[in-house]
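Q: This structure is in structure tokens; I'll ask about it shortly.
The values are calculated or read from the model by the stated rules, or taken from the named source; none is laboratory data. Keep in mind that what you see is a predicted model, and the values were worked out from it rather than measured. Every residue, glycine as well, gets a Cβ built from its backbone with ideal geometry; the counts of neighbours run over all protein chains shown. To get the accessible areas, we keep the full protein, side chains included, count just its heavy atoms, and leave off ligands, DNA and RNA. Shrake-Rupley method; radii C 1.70, N 1.55, O 1.52, S 1.80 Å.
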Amino acid sequence: MVLVIVLMTSVPYPDLGRCKSEEYFLDPNDKKKKKFASLLSTPEVQLSVIVPSYNEEKRLPIMMDECLGYLESRKASTPEFSYEVIVVDDGSTDKTTEVALEYSVQYGTDKVRVLTFEKNRGKGGAVRLGMFSSRGEHLLFADADGASTFSDYSKLEEKLLSICQSNKNKQAVVCGSRSHLLVDDETVASRSIFRKFLMHGFHFLVWFLCVRGVGDTQCGFKLLTREAARVLFTNLHVERWAFDVELLYVAQTLGIPIAEVAINWHEIEGSKMVPVWSWLQMGRDLVLIRLRYMIGAWKLKTKVQ
């Protein structure tokens, strides 16, 4: 009965539609709306940085200052380097869009663009639509809280390039990883026994049901080639916290190389995750991801046009 219900309530391929207003970004310098690029088109810059943001008016500036400081320094030392940052406002009720647009004013919309949703989709939905609006040859999504040290991008880039040298399809995913911090991290050590139980239970479910060989599936600092992003985000159903797991599950299923690189990371106050409820929701999503693919309720497109 459960399998019948899951099959009846599932659609084979994700809905990749967007509202008309979400096809455009505002250029605050001339007050005109301009159309976003498409992930299906040829790349125009070397790197796109996707920043999913929900009610991040306070934390976003710290992350953006660090991110843009690194990217501008990289461009100054390597003039041929080009980039864009796309801040995706996931239906915020605060001034996230207004804060992000200040960076469009300062750096111009060739470098900083803001995608504002009409309603909240979830982090996975925000990352996916940001990816579909990008121009980069390589695509990085990075959390708005600034917990990951942005200069560690260079480590991910080095690993990605080494993979692509031996991969004729130019498809690869490199994950920033915090797993090396779990041994002696004070924040982890201070968590309650119940929270530790939920965390380790979630990691076990990830390993048992979906993804093996990746120590940290949830770190919000992942780099993909454009070719990999096209295939993976075209197939992505999950729009909330467990989207990373589906992303990596699909990559492993399709034989897309995945690598992990240790990064510097520190916990930032103001997380949008509800400690117990979010873990339970993610556990439910893991079971459904595995079940829906196993019974054929969700199908994979291997070619994207």
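Q: Can you give the alpha-carbon Rg of the stretch 76-156 over 2.2 N^0.38 Å, where N counts its residues?
A: Output field value: 1.14.
Q: List residues of the stretch 114-138, by number, whose backbone nitrogen lies under 16 Å from a label position 7 Å along Cα→C-beta of T42.
A: 135-138
Q: Principal axes first, then extents: for the Cα atoms of the chain, list largest minus smallest coordinate on each axis, whole Å, largest first.
A: 57, 46, 45
Q: Here's something else I'd like to know. For the chain, give the percent of accessible area contributed by carbon and sulfur heavy atoms, probe 1.4 Å, rounded to a whole number.
A: Roughly 56 percent of what the probe reaches on the chain is carbon or sulfur.
Q: For the stretch 53-177, what does the accessible surface come to per residue with a 1.4 Å probe? Please give it in Å².
A: The answer is 39 Å² per residue.
Q: Rg to Rh for the stretch 17-137: what is it, with Cα atoms only and Rh by Kirkwood?
A: Over the Cα atoms of the stretch 17-137, Rg/Rh equals 0.94.
Q: Translational D (Stokes-Einstein, µm²/s) of the stretch 10-86 at 20 °C and 1.002 mPa s when Rh comes from the Kirkwood sum over C-alpha pairs?
A: 139 µm²/s
Q: Go ahead and collect, in residue order, the members of the stretch 152-175 whose backbone nitrogen is under 11 Å from a label point 7 Å along the Cα-Cβ direction of S73.
A: 152
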